[in-house]
Amino acid sequence: MSQALPAAGKARWSRPDFLASPRVLRTEVLAGLVVALALIPEAISFSIIAGVDPSVGLYASFTMAVVISVVGGRKAMISAATGAVALVIAPLNHDHGLGHLVAAVILGGVFQIALGALGVARLMRFVPRSVMVGFVNALAILIFMAQVPEMTDVPWAVYPLIAAGLALMVLFPRITKAIPAPLVAIVTLTVITVAAGIAVPTVGDQGELPSSPPTPGLPDVPFTFETLTTIAPYAFALALVGLMESLMTAKLVDDITDTRSGKTRESIGQGIANVVTGFFGGMGGCAMIGQTMINVKTSGARTRLSTFLAGVFLLVLVVALGPVVSDMPMAALVAVMILVSVATFDWHSIQPATLKKLPVSETVVMAVTVIVVVATHNLAIGVVVGVITAMIAFARRVAHLAEVSGVVDPDGRQAVYAVTGELFFASSNDLVHQFDYAEDPDDVVIDLSDAHIWDASTVAALDAIETKYTKRGKKVTIIGLNAPSAAIRDKLAGHLTGNH
């Protein structure tokens with residue numbers, strides 16, 4: 001049923017959020033600039049992982065951010081070239097070249113649009129809180145681990161620069177929050193290193209920056225069925241990994257901002273962004289959790305403008321201000337990402353008081369998620385394993401909730417069994433062994449008033465119980481079935497074995 005929007009709702013639709021006040025506009029603009037600066041070395045690094053020129057990753061980050069800011073379902077979330085996508089498509093680029101990689105990105109986007117339209121986003125409801133906490137903590141660890149190479153075998157001056165950057169970001173907000181502390185740290189450290197001529201690794205050392213904006217075009221591949229079969233597995237893997245990371249990140253931002261996002265729109269939007277990115281020669285991508293945390297948690301952005309400007313500023317910085325950006329010390333960006341990792345980690349989740357109160361299974365699920373993500377460097381794999389672990393733990397816990405209690409009438413002519421609990425494959429496997437087939441009287445009643453049948457395994461167990469009694473010439477009557485349980489039993493009873 002549709003209903004009229006309230007006046008405030010109409011105002012929100014008629015005017016973008018960032019025009020509400022100059023303060024909000026300033027926050028969004030500065031947040032976009034900080035994110036753009038942090039995106040540059042990341043995009044170059046992911047290009048190296050994928051085995052492509054740095055411009056391929058930088059172009060992807062530009063197009064992904066700009067497009068998703070318009071078509072995405074989560075405000076202020078940053079999408080760009082990512083390590084997860086780079087790992088998926090790297091073998092394809094190595095074996096077949098850039099043309100096949102770009103074609104896979106386009107096809108992967110098409111898959112994401114289809115999966116989004118089919119409602120894949122609804123699967124997010126099956127991700128338990130313990131997996132989400134493990135995902136966040138693993139993310140924080142991965143962000144920190146990614147900075148370790150930048151702190152290994154480097155000139156000694158890198159360490160005081162990182163320390164100075166961290167100090168600036170911790171102390172500067174006490175003076176004013178009008179300007180994002182990470183931006184102050186990056187500009188300050190850049191000025192110091194350039195003015196003093198301090199020789200430390202810079203952004204320019206990561207790779208050559210492009211000198212012109214991207215131009216659209218078709219991928220350089222033969223348009224044949226063989227090409228399709230070659231790229232399809234990589235495209236589908238890219239689609240799944242990209243959607244998994246994007247939807248998990250969207251859920252995280254929902255929690256941080258206490259707002260809801262359109263998960264289906266985000267899924268389709270990710271697909272559209274990847275299709276556009278492919279036609280502009282980019283390597284594809286998805287939501288970037290580290291940069292999203294810089295945008296939302298560190299800089300305080302809340303609208304689509306920050307995401308859009310992150311892409312625009314990125315292109316302007318690398319094309320028009322390439323020499324300036326190249327002089328930025330990596331130590332400044334490392335300091336920003338270290339602070340992001342510390343802020344992202346859920347420290348409350350590992351406090352002894354919290355662990356003591358939580359069920360052991362919840363802690364195990366969280367730990368498994370963290371371990372798998374850190375071991376594989378793949379957030380999607382870790383989430384899948386975490387969800388499976390949570391499902392097993394839940395099944396084990398619920399399996400013990402089904403009970404059978406039997407009573408024989410004083411006159412000895414009827415036995416009544418009361419079954420309580422949730423009956424599914426885990427709890428109904430032992431159901432057959434809970435009855436006294438030899439000693440029970442000829443009339444047996446099984447009361448399921450306080451039970452619920454969930455699957456075919458339970459129906460098969462009830463069939464087996466009836467069969468055992470029938471072989472002994474005894475009659476079984478099942479009573480108390482609720483409507484859904486009766487429906488599944490009427491449909492399947494007697495049809496689950498070859499003996500009907």
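The values are calculated or read from the model by the stated rules, or taken from the named source; none is laboratory data. For clarity, every value in this text was computed on a predicted model and none was experimentally measured. Methodologically, a virtual Cβ is constructed for each residue, glycine included, from the backbone with ideal geometry; neighbour enumeration extends over all protein chains shown. We work out accessible area using only protein heavy atoms, side chains counted, and drop any ligands, DNA or RNA first. Shrake-Rupley method; radii C 1.70, N 1.55, O 1.52, S 1.80 Å.
Cross-link partners of Lys297 among lysines, defined as those whose alpha carbon lies under 30 angstrom from its own and excluding same-chain residues fewer than eight positions apart: Lys10, Lys75, Lys177, Lys251, Lys263, Lys356, Lys357. Rounded to the nearest 10 degrees, the inclination of helix 263-279 to the longest alpha-carbon principal axis of the chain is 40 degrees. Model label sites at Thr188 and Thr420, defined 7 Å from Cα along the beta-carbon direction, differ in position by 6.5 nm. Against the chain, whose longest principal axis comes from its Cα atoms, helix 158-175 is set at around 80 degrees.
Which shape class applies to region 263-390: rounded if a/c is under 1.5, otherwise prolate when a/b exceeds b/c and oblate if not, where a ≥ b ≥ c are the square roots of the Cα gyration tensor eigenvalues? Present the calculation step by step, with values, prior to reporting the outcome.
Numbers: a/c = 2.34, a/b = 1.61, b/c = 1.45.
Prolate.
Once the Cβ-Cβ distance of Arg125 and His495 is raised to the sixth power relative to R0 = 51 Å, the FRET efficiency obtained is 0.95. Amide H to amide H distances under 5 Å link Ala451 with Gly421, where only residues 5 or more positions off or on other chains count and H is placed in the peptide plane. Carbon-plus-sulfur accessible fraction, the chain (probe radius 1.4 Å, protein heavy atoms only): 65%. Sequence-ordered 3J(HN,Hα) estimates for region 423-430 from the Karplus curve with 6.51, -1.76 and 1.60 and θ = phi - 60° stand at 9, 8, 3, 6, 8, 8, 4, 8 Hz, glycine and proline given as x.
Assuming R0 = 41 Å, can you tell me the calculated FRET efficiency for the pair Asp442 and Val398, based on Cβ-Cβ distance, to the nearest 0.05?
On the way: r = 34 Å, r/R0 = 0.83.
The value I calculate is 0.75.
The distance separating the Cα centre of region 433-465 from that of region 168-232 comes to 65 Å. If you take all other residues with their beta carbon under 15 Å from the beta carbon of Ala232, and give Lys and Arg +1 and Asp and Glu -1, the sum is -2. Label sites at Lys468 and Ala487, each approximated as a point 7 angstrom past Cα along Cα to Cβ, lie 3.0 nm apart. For Ile78, the residues 5 or more places off, or on other chains, whose built amide H falls under 5 Å of its own are Met288, Thr292. FRET efficiency for the pair Thr354 and Lys297, taken as 1/(1 + (r/R0)^6) with r the Cβ-Cβ distance and R0 = 22 Å, rounds to 0.55.
What shape does region 83-141 have by the C-alpha gyration tensor, where a ≥ b ≥ c are the square roots of the eigenvalues, rounded means a/c under 1.5, and otherwise prolate means a/b greater than b/c and oblate the rest? It comes out oblate by the Cα gyration axes. Helix 379-399: angle to the longest alpha-carbon principal axis of the chain, degrees 0 to 90, nearest 10? With both axes taken from Cα atoms, the answer is about 20 degrees. Relative to its residue count, the chain spans a Cα convex hull of 215 Å³ per residue. Only Cα pairs under 8 Å and 6+ residues apart enter the sum, and on that basis the relative contact order of region 443-500 stands at 50 percent. The string of couplings for region 352-364 from the Karplus curve (6.51, -1.76, 1.60, θ = phi - 60°) is x, 5, 5, 4, 5, 7, 6, x, 4, 4, 5, 5, 4 Hz, one whole number per residue in order, with x for Gly and Pro. Label separation (Ala196 vs Arg260): 5.2 nm, computed from points 7 Å beyond Cα along the C-beta direction.
Rolling a 1.4 angstrom probe over the protein heavy atoms, how many square angstrom per residue are accessible across the chain?
Numbers: 23420 Å² over 500 residues.
That works out to 47 Å² per residue.
In region 345-500, what percentage of the DSSP-assigned beta bridges are antiparallel, given to the nearest 5?
Details: 6 of 20 bridges.
Among the beta bridges of region 345-500, antiparallel pairing accounts for roughly 30 percent.
Distance from the C-alpha centroid of region 64-93 to that of region 321-354: 20 Å, rounded to the whole angstrom. Multiplying the residue separation of Arg23 and Asp430 by 0.36 nm and removing their Cα-Cα distance gives an extension gain of 140.1 nm. A simple rule links phi to the HN-Hα coupling: the Karplus curve 6.51 cos²θ - 1.76 cosθ + 1.60 with θ = phi - 60°, which for region 319-324 gives 8, 8, 10, x, x, 5 Hz, with x for Gly and Pro. Is region 204-341 best put as rounded, prolate or oblate by its Cα gyration tensor, with a ≥ b ≥ c the root eigenvalues, rounded for a/c under 1.5, and otherwise prolate when a/b is larger than b/c, oblate when not? Oblate. Distances between placed amide hydrogens fall under 5 Å for Thr202 paired with Met330, all partners being 5 or more residues away or on another chain.
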